[in-house]
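Any read-out appearing in this document is the output of simple, stated calculations on the displayed coordinates, not a laboratory observation. Just so it is clear, the model here is predicted, and its values are computed rather than measured. All Cβ positions, glycine included, derive from the backbone under ideal geometry; neighbour counts span all protein chains shown.
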Amino acid sequence: MSFSWLRKEVVESGLCRICGACVAACKPGVIEVERGPELVGECIECGLCSDVCPAINNLKSLGVDEFDRKKGFVVRSQKMDVIERSQDGGAVTSILISLLNSGLVDSAVVVGQTSDWKPIPLVVTEPGEVLDSAGTKFGSAPILSKVSEASEHGDVAVVGTPCQIEAARLLDERGIGNIKYFIGVFCMKNFQHELLFDLITDKAECKACDIKKIGINKGKFNYKAGEQESALKLSEIDHCIRPVCRECTDFESRYADISVGSVGSPKGWSTVIIRSEKGEELFKASKKHLDIDELGSQEPVDRLCRIKQKTV
Ligand SMILES: Cc1cc2nc3c(=O)[nH]c(=O)nc-3n(C[C@H](O)[C@H](O)[C@H](O)COP(=O)(O)OP(=O)(O)OC[C@H]3O[C@@H](n4cnc5c(N)ncnc54)[C@H](O)[C@@H]3O)c2cc1C
Ligand code: SF4
Ligand code: SF4
Ligand code: SF4
């Protein structure tokens, strides 16, 4: 199979998740991905890019089972600089910093952003760089295109949405990259960055770089422009949802070692679900920098899983 086949079946059919796995599977400089994958070098028709694409493969058909939930916690970082910059309780940022500091990984692949909020994939090797990448960016970044670069440092932790975690596992199944830990975030929907920011900057009459914080909470899309905090109904941003997200059924990152979200926890805390032995291991390494409570009920997470499955 060739890149032209992948382009026709996935990219032109609107099924691309912009995960970047196809870039990691091919030789450097052959595929580029920003808005979507493009061939910029010579294709030798080896078919590897199709083998790792989550739009046409799934782990179940390869005999890889989803990870069940083992334990749930409500978590918050003990460090004020992490709390201030993170989306919820800073669980992901604290975990990544602990993994790097303890030498359990040598780098992580994360999503950073430009000054106008465009999500970009990044390889981080230092705690300060992890802190700079904290917070949710609404928009897709082809994080897995950075797996080869990250693997040059040694063992890698990947943070991603459920579709990106499935693609990361597909890469791992094919022996591509040194991914050691798979950290998933909950994800109901993702957005087309340009459409979303055109809408917010029009409403707020400001530039994208003047937006201070965005987030979704209790059925509202909240944003802060300068000192002014505003909220939009989710129906007002519905047209910005990426079409492929309307077909997606995994809310909780079922193939991750550990999944993290906000639902189920009080404001300013993260819900953390441990799903594998690796998940136990990485959570243990991070515990001394976290305030931790048991997650009382998993029903709020179950509810969103049900909603996501029903809407497809
Ligand atoms: C598109 C999207 C939709 C989400 N929807 C929900 C939801 O409906 N309900 C819910 O409970 N939680 C949702 N989450 C998860 C939530 O927003 C937080 O990411 C999660 O609670 C972790 O918070 P934290 O404070 O521990 O993370 P932080 O410590 O702030 O770290 C955030 C991490 O997320 C990564 N990241 C940021 N943006 C993206 C992105 N676009 N794609 C991949 N990785 C990214 C960063 O690399 C960083 O490592 C969503 C996340 C994303 C990215
Ligand atoms: S991975 Fe193989 S099939 Fe895909 S673009 Fe590269 S050379 Fe072509
Ligand atoms: S591997 Fe990812 S980026 Fe490449 S075509 Fe498939 S979904 Fe799109
Ligand atoms: S809704 Fe699904 S396809 Fe869209 S970003 Fe989230 S996990 Fe990926």
**Q.** Relative contact order of region 179-312, defined on C-alpha pairs under 8 angstrom at six or more residues apart (%)
**A.** 28
Q. Going highest first, how would you order 294-307, 179-192, 4-17, 250-263 by mean Cβ packing within 10 Å?
A. 250-263, 179-192, 4-17, 294-307
Q: Note down the relative contact order for region 3-61 as a percent, whole number, built from C-alpha pairs under 8 angstrom at least six residues apart.
A: 37
Q | P(r) histogram, all alpha-carbon pairs of the chain included - 20 Å bins from 0, percent | A | 34, 60, 6
Q | Percent RCO, i.e. relative contact order, over the chain, from Cα pairs under 8 Å lying at least 6 residues apart | A | 22
Q. Mind ordering 271-282, 30-41 by average Cβ neighbours within 10 Å, highest first?
A. 271-282, 30-41
(Q) Quick check of the Kirkwood formula: for region 3-85, what is the inverse mean of 1/r over all pairs of different Cα atoms, in Å? (A) 15.5
Q. Which of the lysines could a cross-linker bridge to K27, judged by Cα under 20 Å and excluding same-chain residues fewer than eight apart?
A. K146
Q. Of K60/K287; K137/K308; K137/K218; K71/K137; K189/K310, which pairs sit farther than 25 Å apart, going by alpha carbon to alpha carbon?
A. K60/K287; K71/K137
